[in-house]
Amino acid sequence: MVQDEQVVRRYLKHKREQDFRIIYQKHNDKLFRLAMHMLSYNQYWAKDAVQEMWIVALRKVDKFEWRSSLNTWLTSILLNILKRYYPKTVEKQMVSEESYGEFNLDMQDIIKSVNTLSDGYKQVFVLHDIEGYKHQEIAELLDIKEGTSKSQLFQARKLLRSKLSELKIRS
């Protein structure tokens, strides 16, 4: 498999669509999934946000210094776009039913519980438990310490379990 840096350098040198397409195909699905989670599964907004992310990335890729992975850099651009253009919607991040299926609650109850989390808890929870990012990557993306990411995830899970337990008792 060709490394991202090689393909990006080739793209910058020759401006061939096929080089851009390689990077696009490798990263776009994961970025789109993240946008969908962050935008409450609004496909129109998610497509728009990811398209805007690619436009920004293409304008700035020649300045990318490779201090992080290309995926981390693209994700940080996407998160900034989401925060800037969809600040209210980003608050409504979602969680899959499998994560908390033991509670036998419907998806709306789970979504409501996730929406009660603070911004930091929600962002770390979605990036780690839903999108599969590692704490080091989350720290880079959100400009926080790795320990802060771990602590916020622990607290987010603790709060979610408590809220979902309350809902289960009421059901």
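Annotations for the structure displayed:
- Selection count, segment 7-28, where residues are under 18 Å from residue 69 (Cβ atoms) and either over 25 Å from the mean Cα position of the chain (by Cα) or aromatic (Phe, Trp, Tyr) (or both): 6
Conditions (1) modelled with pLDDT under 85; (2) part of a helix (DSSP H, G or I); (3) within 16 Å of the chain's Cα centre (by Cα); (4) at positive phi, marked per residue:
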{"site": "61", "(1), (2), (3), (4)": "no, yes, no, no"}
{"site": "66", "(1), (2), (3), (4)": "no, no, no, yes"}
{"site": "99", "(1), (2), (3), (4)": "yes, yes, no, no"}
{"site": "102", "(1), (2), (3), (4)": "yes, yes, no, no"}
{"site": "110", "(1), (2), (3), (4)": "yes, yes, no, no"}
{"site": "114", "(1), (2), (3), (4)": "yes, yes, yes, no"}
{"site": "141", "(1), (2), (3), (4)": "no, yes, yes, no"}
{"site": "164", "(1), (2), (3), (4)": "yes, yes, no, no"}
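- Looking only at residues of segment 1-53 that are in a loop (DSSP other than H, G, I, E, B) and not β-branched (Val, Ile, Thr), we find that the one that is most open to solvent (accessible area, probe 1.4 Å) is 1.
Quick grid of which residues meet (1) among the β-branched types (Val, Ile, Thr); (2) farther than 21 Å from residue 115 by Cα; (3) in contact with a helix residue (DSSP H, G or I) (Cβ under 9 Å, 6 or more places away or on another chain):
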position	(1), (2), (3)
7	yes, yes, yes
15	no, yes, no
21	no, yes, no
37	no, no, yes
40	no, no, yes
47	no, yes, yes
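The values are calculated or read from the model by the stated rules, or taken from the named source; none is laboratory data. Here the structure is a predicted model, which is why all the values come from computation and not from measurement. Cβ atoms come from the backbone with ideal geometry, glycine included; neighbour counts cover every protein chain shown. Ligands, DNA and RNA are stripped out before the accessible areas are found, and what is left, the full protein with its side chains, is counted by its heavy atoms. Shrake-Rupley method; radii C 1.70, N 1.55, O 1.52, S 1.80 Å.
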